[in-house]
Amino acid sequence: MKVAVVYESRTGHTAELAELIGAAAQELGHEVGVFPTGKINLDYLGDADMVFLGSWCHGIFVLGQHPGDGGKLLAMPGVWGKPVAGFISYLLAPGKVLDKMADVAEILGGEWIGGRNFKQTNKTDGLAGFVVAALDAAEERLGVPAEA
Ligand SMILES: Cc1cc2nc3c(=O)[nH]c(=O)nc-3n(C[C@H](O)[C@H](O)[C@H](O)COP(=O)(O)O)c2cc1C
C-alpha cells in the first residue's frame, strides 16, 4: 500500500514517533511518506491508500485531553474516505485523547480504524504491533487480499 504519515509536533516527540511508524511500515514492504501538517505533499496524500495521523496530547493532565494543535490537523486537506489510524505522544496521562483524534479523522472525511497513545519516554513500546494491526485493518477495509 501507499502509506502517508501526517503529524503535528511542537517539541519533536510526535515527529520522532511519525518517523518510527513510517520506518516500521516501510520495513513491512509499504511505500511511505512522512509529513508534518505544514508540509504535506498533496499529490502523495491524494494517492495514499491509508493515513497514520498523529499529534501530541494537550490537556490539563487530569481531563480535557485533546490532540494538540488540532486546528492545524483540521486545516489539512481531507483524507477522502481513507482508513486513518491515530497516534498520540503524551507525557503522563492521555485520558480520552484518542476519542478526540477519532473525531478529527472523521471530520476530515477519514474512516477511523483505531489508534494508540505512546508515552514520550518509551516510544517503541507496542509500536511494531500497532503498525501491523493498523495496516491489516486498512487492507481489510480496502479489500486488499491477505497474503498467502
Ligand atoms: C500545554 C500542554 C499541555 C499538555 N497536556 C498534557 C496532558 O494533558 N497529558 C499528557 O500526558 N501530556 C500532556 N502534555 C505533554 C505533551 O503531550 C508531550 O510532552 C508530548 O510528547 C509532546 O509532543 P511533541 O514533542 O510532538 O510536541 C502537554 C504539553 C503541553 C505543552
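Using a simple spin-label model with points 7 Å from Cα along the Cα→Cβ vector, what separation in nm is obtained for Ala93 and Glu27?
3.4 nm
Consider just the alpha-carbon atoms of segment 2-142 and return their Rg together with their Dmax, both in angstrom.
13.4, 40
Counting each DSSP H run of 4 or more residues in the chain as -39500 (n - 2.57), what helix-only mean residue ellipticity at 222 nm follows after dividing by all residues, to the nearest 500 deg cm²/dmol?
-10500 deg cm²/dmol
If you project the alpha carbons of segment 66-134 onto their three principal axes, what span does each projection cover, largest first, in Å?
Its Cα atoms span 32, 26, 17 Å along the three principal axes.
Antiparallel as a % of all DSSP beta bridges within the chain, to the nearest 5?
In the chain, DSSP labels about 10 percent of beta bridges as antiparallel.
Step through the residues of segment 123-139 one at a time and calculate ³J(HN,Hα) from phi using the Karplus curve (6.51 cos²θ - 1.76 cosθ + 1.60, θ = phi - 60°), rounding each to whole Hz and writing x for Gly and Pro.
5, 8, 5, x, 5, 4, x, 4, 5, 4, 5, 5, 5, 4, 5, 5, 4
Amide H to amide H under 5 Å from Val5: which residues, 5+ apart in sequence or cross-chain, H placed 1.01 Å off N in plane?
Those lying under 5 Å, H to H, from Val5 are Gly33, Val34, Phe35, Phe52.
Between 0 and 90 degrees, rounded to the nearest ten: what's the tilt of helix 13-27 against the longest Cα principal axis of the chain?
The angle comes out at about 20 degrees.
Read-outs throughout are calculated quantities, based only on the coordinates presented, and are distinct from any laboratory measurement. Because the structure is a prediction, the values reported are computed rather than measured. When we count neighbours, we look across all protein chains shown, and the Cβ atoms used for this are built from the backbone with ideal geometry, even at glycine.
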